[in-house]
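Let me begin by presenting the structure, written as structure tokens, before commenting on it.
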Amino acid sequence: MEEKLAQRPSSCIKIVLYGPESTGKTTLANQLAAHYNKPLVKEYMREYLQKKWDEKKEICEVEDLIPIAAGQMQQENALAQKEKQLLFCDTNLLELKVYSEAYYNGFCPPQLLKHALNNHYTSYFLMYIDTPWTPDDLRDKPEDRLGMFNRFKAALEVHHKPFVILKGNREERFKSAVSIIDNQLKKQHSET
């Protein structure tokens, strides 16, 4: 199972949309993928947990974490092998690690922790909590948005991950993200 969590080498720029629930990650990920006409690695955790909720009315348990991580990496690795320039990821294993520690009293499965810290991304777009809360079957922490944001930010800082905080409305976030990505693409082009 451990090899299923490993990130395969890739030369493309990888952008992760990252942060607490209901902060516009999926919306911005879809906008950016459409704008650049590039692939998007969807959030496997949401798909997996929604199916579990729909079938059994059960929430995430510790034993779900590794299958979720494996599904996320399977999708990412498959798309990264095809795409040579730019790939968007609507979450990654570091996000799953943060959720694990938040929900399971600081616990994260060791193999998930290892790959969450070892996998490489060009940039993390940390989404701020200045968007309206939108409830759904899986979201459950509207009262602790700032606390969750601080957990996500701390994980990036402690593990020295490259990130930028995106704030504002949809248009402002989109413009900021495009500016950053355009600069990364120019840099990539000048290095080849």
query: What is the magnitude of the charge dipole of the chain about its Cα centre, with +1 placed on the Cβ of each Lys and Arg, -1 on the Cβ of each Asp and Glu, and no other charges, expressed in debye to the nearest 20?
result: 680 debye
- prompt: By DSSP, what percent of the beta bridges with both residues in the chain are antiparallel, rounded to the nearest 5?
  reply: 0 percent
query: If you build a Gaussian network model of the chain, linking Cα atoms that sit under 10 Å apart, which residue out of Thr23, Thr131, Thr91 swings the most?
result: Thr131
message: Would any residue of the range 142-166 have its amide N under 15 Å from a label point 7 Å out along Cα→Cβ of Tyr103? List them or say none.
response: 142, 148
- line: Residue-ordered couplings for the range 77-93, obtained by feeding phi - 60° into the Karplus form 6.51 cos²θ - 1.76 cosθ + 1.60 and rounding to whole Hz (Gly and Pro as x), are 4, 4, 6, 5, 6, 8, 9, 9, 10, 8, 9, 9, 10, 7, 3, 7, 5
query: FRET efficiency for Glu58 and Lys114, Cβ-Cβ distance as r, R0 = 30 Å, nearest 0.05?
result: 0.65
field: the range 93-118 and the range 119-192: distance between their alpha carbon centers, rounded to Å
entry: 18 Å
- request: Sum -39500 (n - 2.57) across every DSSP H segment of at least 4 residues in the chain, then divide by the residue count to get the 222 nm mean residue ellipticity, nearest 500.
  value: -16500 deg cm²/dmol
field: Reachable lysines from Lys57, criterion Cα separation under 19 angstrom, eight or more residues apart if same chain
entry: Lys141
task: In nm, give the distance between the simple-model label positions of Glu172 and Leu146, each being 7 Å from the Cα along the Cα-to-Cβ direction.
output: 1.8 nm
task: With a Förster radius of 30 Å, plug the Cβ-Cβ distance of Gln50 and Asp182 into 1/(1 + (r/R0)^6) and report the FRET value to the nearest 0.05.
output: 0.30
query: About the Cα centre of the range 121-192, what is the dipole size in debye to 20, counting +1 per Lys and Arg Cβ and -1 per Asp and Glu Cβ, all else neutral?
result: 240 debye
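Where a number appears in this text, it was derived from the coordinates with a stated rule and is not lab data. Since the structure is predicted, the reported quantities are computational estimates derived from the model, not experimental observations. We place every Cβ from the backbone using ideal geometry, glycine too, and count neighbours over all the protein chains shown.
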